[in-house]
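Please treat every number below as a calculation from the coordinates, not as lab data. Note that the structure is predicted; figures quoted are calculated from it, not measured. Cβ: placed from backbone, ideal geometry, glycine included. Neighbour counts: every protein chain shown.
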Amino acid sequence: MLKVIAPKKNNKRKKLLLFLLVLMVVLTSLISLSIGPYDLSVREVFQAIFQIKSQQFSDFEREKLARLIVWEIRMPRIILAALVGTALSISGNIFQSCFRNPLVEPYILGVSSGAAFGASMAIVFPAIFYSIPISAFLFAGLTVLLTLSLGVIRGQIQTLSLILAGVVIGSFFSSLVSILKYISNDSALREIVFWLLGGFYHSGWNEIYLLAPIIIPVSGFVWFLAWKLNIISIGDEEAKSLGVDPKKNKVILILCATVLTSLSVAYVGIIAWVGLMVPHAARMIIGPDNRFVIPLSALIGTLFLLFCDTLARNIVTGEIPIGILTSILGAPYLIYLLRTKIV
Amino acid sequence: MLLKVDQLGFQYDSQPVFQDVSFTLNEGELCAILGINGSGKSTLFKCIMGFLHAKSGSISFEGKEKNLYKISEIAKKIAYVPQDHPITFPYLVREMVLMGRTVHISNYFKISDDHYLKAEEALQALSLEGLADKPFNQLSGGQRQMVLIARALAQQTTLMLLDEPTSSLDFKNQLLIWHILLQLKKEGKSVLVCTHDPNHVLWFCDRVLILDNKRLIADGPPKEVMTEQVLQQIYGPMCTLETIAEKKMVLPRKN
């Protein structure tokens, strides 16, 4: 009589790994909460989080300040980093699996260029385009629609034409951004450049109230489709013969990925590399099964952005845009992949 | 009657691949499709599977127009073994075979033991247990072919379509595959298999469909329809049909 031991044992190990990563995220968040221009001890962070009053009267002022820093400044930033890290990593994984190409990133369909154009328009013409995130989000959506309408030929999603369409539309919007940079004044130009590099400077609870109710359920929904994503990632014809409609599922998944990416880009700018390398790292650690890759990507994406953001706001007195850090750390990683693991 | 193909025609742009192909397939039949390279065997399979849309004619399955079935309903009834191909992501052999159970699994996050067992059984049937934990990508072409067949077995369908399943297998495994196909036939299942080896057809199949010059030129028991004349029509004058130890064999012609 056959027994199912190996695959189950394997799954148990993977679940344990996910649990460990959750612990690491919690730990890193605590550390990140305590580091900053105003140093707090881990104990003070704890007291601030759980609103524990200390015994000594003299600490009252410092406690109030600690609570303010933790709850109003650092906490929203950490949560936003986690949301964006999750969104970008999961959407990167969706694109890589749907296009069966591990070198695809979430900006492949032109989301980032569209968002950049929207944001730049809002910066240069604040009177017309009322809000930067809204304008960025709308243009990001618009570019993806344009790309999809060019890439879908005779009702079929043609991967190659879709990617080419993404490149074309992307570079078109990039040149529009260049025009805007060219005509803008110094302060607007500076703002555009900063926006393009991405960062969590504007993190507050309002952003979280807006992003969390979309990013969390959409990510959950994508996770729910993980097995189907596995099947789609081996090929359209095989997916069909195994009972999974490749076209319908791809459309749904790509739409989810687009919502995740454009929302993140709209609020924090273009953060490079995360969506490309995180799913890759996750697959190298846990294997290609998306039931595990999706949660692991979300956790690694969160950890990576938390780490980079903590660095970004601490290594110099001002703040470095996080996009610079993710690229600096991401480029060597990609070189490493190209030299060793290329599929 | 399981599968009925009626006056099917397919063309790429304006170049016809085949036309007027009609045949029916019953339960418990092991039927081969024979034809030279480019004769449209794989295209015919792809039309039957619904990957390509035929330009004329119709296909029905169990008496119902095939287009009326949902994709998941078809996957419960027809399994398809594609030609060997590499994949992008390094799924393990075990995972690849488990994917054959997709339409039967109700909760993908809590796959029951039964499905794992069916996958294990399929692996055992092809003596692939030793490869179960290897990435599919790292296997040889022949091993990959075996895994794809195991996946189709795990799918447990009434009809199996195989596209040149033995093309890159060693002789032992070729015999193993034919043994498995004969076993399926015994269980009352139907098998439609594309092959390039006329001798395999003569030895193992009850029936053969021969595609030549865009049409079906023969349909019947191999021993009857694979005459010297038909064989020379498709393979040219360099082959001959001989009987050795009461078995018919296609051999190269001397001189």
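Across q = 0.26 Å⁻¹, the stretch A:126-216 modelled as identical point scatterers on its alpha-carbon atoms has Debye log10 I(q)/I(0) values of -1.29, in the order of the q list. Pairs from the list A:K15/B:K172; A:K247/B:K110; A:K14/B:K118; B:K118/B:K223; B:K66/B:K223 with a Cα-Cα gap above 30 Å: A:K15/B:K172; B:K118/B:K223; B:K66/B:K223. The charge dipole of the stretch B:84-156, taken about its Cα centre with unit charges on the Cβ atoms of Lys, Arg (+1), Asp and Glu (-1) only, comes to about 180 debye.
Rounded to the nearest 10 degrees, the angle from helix B:141-155 to the longest Cα principal axis of chain B is 70 degrees.
The three principal axes of the C-alpha atoms in the stretch A:87-239 carry coordinate ranges of 55, 35, 24 Å, sorted with the longest axis first. The modelled label-to-label distance for the pair B:T24/B:T240, using points 7 Å beyond Cα in the direction of Cβ, is 4.0 nm.
For B:K186, neighbours were defined as the other residues whose beta-carbon sits under 15 Å from its Cβ, and their charges (Lys and Arg +1, Asp and Glu -1) total -2.
If R0 is 51 Å, what FRET efficiency do you get for A:S161 and A:K9 from their C-beta distance, rounded to 0.05?
On the way: r = 44 Å, r/R0 = 0.85.
Efficiency, rounded to the nearest 0.05: 0.70.
Between B:K247 and B:H85, the modelled labels are 3.4 nm apart [label points 7 Å from Cα along Cα→Cβ].
How large is the translational diffusion coefficient of the stretch B:1-89 in µm² per second when you combine the Kirkwood radius over alpha carbon pairs with Stokes-Einstein at 20 °C and 1.002 mPa s? Show your work: numbers first, answer last.
Numbers: Rh = 14.2 Å.
Here the translational diffusion coefficient equals 151 µm²/s.
Computed over chain A, the range of Cα coordinates on each principal axis works out to 72, 70, 37 Å, biggest value leading.
Where nothing but the Cβ of Lys and Arg (+1) and of Asp and Glu (-1) is charged, how large is the charge dipole of the protein assembly as shown around its Cα centre, in debye to the nearest 20? It would help to have the intermediate numbers written out before the result.
On the way: 56 positive and 45 negative charges, 132 e Å.
For the protein assembly as shown, the charge dipole is close to 640 debye.
Which FRET efficiency value, to the nearest 0.05, do you get for B:K134 and A:V316 by plugging their Cβ-Cβ distance into 1/(1 + (r/R0)^6) with R0 = 51 Å? With R0 = 51 Å, the Cβ-Cβ based efficiency is 0.55. Look at the stretch B:89-97: the mean tally of other chain Cβ atoms within 10 Å of its residues' Cβ atoms is 5. For the stretch B:185-255, the convex hull spanned by the alpha carbon atoms encloses 95 Å³ per residue.
Among A:A272, A:A136, A:A188, the largest mean-square fluctuation in a Gaussian network model of chain A, built with springs joining Cα atoms closer than 10 Å, belongs to A:A188. A Gaussian network model of chain A, with springs between Cα atoms under 10 Å, assigns the largest mean-square fluctuation among A:F60, A:F200, A:F304 to A:F60. Comparing A:D59, A:D309, A:D245 in a Gaussian network model of chain A (Cα springs below 10 Å), the most mobile by mean-square fluctuation is A:D59.
Sequence neighbours fewer than 8 away in the same chain don't count; with that in mind, list the lysines whose C-alpha is under 30 Å from A:K64. Hits, sequence-local ones excluded: A:K53. Relative to its residue count, chain B spans a Cα convex hull of 146 Å³ per residue.
Globularity index of the protein assembly as shown is 1.19 (Cα radius of gyration / 2.2 N^0.38 Å, N = number of residues).
Counting residues in the stretch B:127-209 as N, plug N into 2.2 N^0.38 Å and put the Cα Rg over that result. Numbers along the way, then the final one.
Details: Rg = 12.9 Å, N = 83, 2.2 N^0.38 = 11.8 Å.
Normalised Cα radius of gyration, the stretch B:127-209: 1.09.
Computed over chain B, the per-residue total of -39500 (n - 2.57) for DSSP H runs of n ≥ 4 gives a 222 nm mean residue ellipticity of -9500 deg cm²/dmol, rounded to 500.
As a quick test, which of the pairs B:K41/B:K189; B:K4/B:K55; B:K185/B:K254; A:K12/A:K228 have an alpha carbon distance above 26 angstrom in this structure? Violating the 26 Å limit, Cα to Cα: B:K185/B:K254. Neighbouring Cβ atoms from other chains, within 10 Å of the Cβ of residues in A:242-251, number 4 on average.
For the stretch B:84-156, the ratio of Cα radius of gyration to the globular rule of thumb 2.2 N^0.38 Å stands at 1.02. When the helices of chain A are scored as -39500 (n - 2.57) per DSSP H run of n ≥ 4 and the total is divided over every residue, the value at 222 nm lands at -24500 deg cm²/dmol. For chain B, the longest principal axis of the alpha carbon atoms and the long axis of helix B:171-186 meet at an angle near 80°. Where in chain A are the DSSP H helices whose alpha-carbon span along the long axis reaches 15 Å or more and whose Kyte-Doolittle mean is at least -0.5? TM-like helix candidates: A:6-34, A:75-98, A:111-124, A:132-151, A:159-183, A:186-197, A:205-224, A:246-268, A:274-286, A:290-312, A:322-340.
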